1. Taking residue 102, is it at pLDDT 95 or above, within 12 Å of the chain's Cα centre (by Cα), of a type in the set (S, T, N, Q) and assigned to a helix (DSSP H, G or I)?
2. What single numbered condition from (1) outside the structural domain of residue 170 (by TED's automatic domain parsing); (2) assigned to a helix (DSSP H, G or I) fails to hold for residue 49?
3. Assuming residue 68 fulfils every condition listed in (1) closer than 22 Å to residue 134 by Cα; (2) outside any helix (DSSP H, G or I) apart from one, which condition is it?
4. Can you spot a residue in the stretch 116-127 that is outside the structural domain of residue 38 (by TED's automatic domain parsing) and touching a Lys or Arg at 6+ places or on another chain (Cβ under 8 Å)?
5. Determine, yes or no, whether residue 70 is surrounded by fewer than 19 Cβ atoms within 10 Å (Cβ to Cβ), modelled with pLDDT of 95 or more and not β-branched (Val, Ile, Thr).
6. Answer with yes or no whether residue 126 is under 27 Å from residue 93 (Cα atoms) and surrounded by fewer than 16 Cβ atoms within 10 Å (Cβ to Cβ).
7. Got a sec? Which of 146, 122 is over 29 Å from residue 34 (Cβ atoms) and of a type in the set (D, E, K, R)?
8. Going by the conditions given, is residue 92 of a type in the set (Val, Ile, Thr) and modelled with pLDDT of 95 or more?
Amino acid sequence: MPTSSTPSLGPAVVKRSPRERLLQAATELFYAEGVQSVGIDRVIERAGVAKASLYSTFGSKEELIRAYLEHRHEVILGRLRTAVAAAGEDPVQRILAVFDAQAQLFYRPTFHGCAFTMAAAEAPPGGGIDLAAESYRADIRGLFAELSAQAGAPDPALLASQLQMLYDGASLAVKMDHDPDIAGPERAAAAALVAAALAS
């Protein structure tokens, strides 16, 4: 018969904090339905916490949205950098790995487009949501600039700007046209841009 000193053979249950539960609920609801369409009460209900927990943790709905975007920012950048690292040493393949990683998202049934574009479109300019979107975009552009410089592009900033336009445009096209296969032409266009930049 097991005693109090007998180790449990079942999986350990990790109790998530109210902050983690609110952030997960916000991520699911805000991305699927929009940051303004989803009321605080629905987030609280999904998270299974008291309303006081939301306000003591985040202070306001805007701060919860900002935290959701910052978390998404961290996850996406980490995912892209992991894909780049897995692409090996070829600098061109490292750039294209960013588009390959993005393409994997296009085929998910839960893909609804760029969370940052959607949130910024619904938010007043100059607020925390707008700043979170700007920070994300700056980091995507920075990643492209870093990879473009490593590839030997004579103007890494210009190539980064061009690649980001492709990255943004493909995400919008998939959402609007419901066609994840746009990933193929997007990758081909990226490869052509990189080749032209390096040839110059």
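1. On the way: at pLDDT 95 or above: yes; within 12 Å of the chain's Cα centre (by Cα): yes; of a type in the set (S, T, N, Q): yes; assigned to a helix (DSSP H, G or I): yes.
It is true that residue 102 is at pLDDT 95 or above, within 12 Å of the chain's Cα centre (by Cα), of a type in the set (S, T, N, Q) and assigned to a helix (DSSP H, G or I).
2. (2)
3. Unmet for residue 68, out of (1) closer than 22 Å to residue 134 by Cα; (2) outside any helix (DSSP H, G or I): (2).
4. Taking the stretch 116-127 as the starting set, the residues that turn out to be outside the structural domain of residue 38 (by TED's automatic domain parsing) are 116-127.
Right, trim to touching a Lys or Arg at 6+ places or on another chain (Cβ under 8 Å) and you get 116.
The answer is yes, given that some residue of the stretch 116-127 is outside the structural domain of residue 38 (by TED's automatic domain parsing) and touching a Lys or Arg at 6+ places or on another chain (Cβ under 8 Å).
5. Values: surrounded by fewer than 19 Cβ atoms within 10 Å (Cβ to Cβ): yes; modelled with pLDDT of 95 or more: yes; not β-branched (Val, Ile, Thr): yes.
Answer is yes for this residue.
6. no
7. Values: 122 fails: over 29 Å from residue 34 (Cβ atoms).
Among 146, 122, only 146 is over 29 Å from residue 34 (Cβ atoms) and of a type in the set (D, E, K, R).
8. Numbers: of a type in the set (Val, Ile, Thr): yes; modelled with pLDDT of 95 or more: yes.
Answer is yes for this residue.
The values are calculated or read from the model by the stated rules, or taken from the named source; none is laboratory data. Predicted model only: the values in this text are computed from it and were never measured. With ideal geometry, Cβ positions are generated from the backbone for all residues, glycine too; neighbour counts draw on all protein chains shown.
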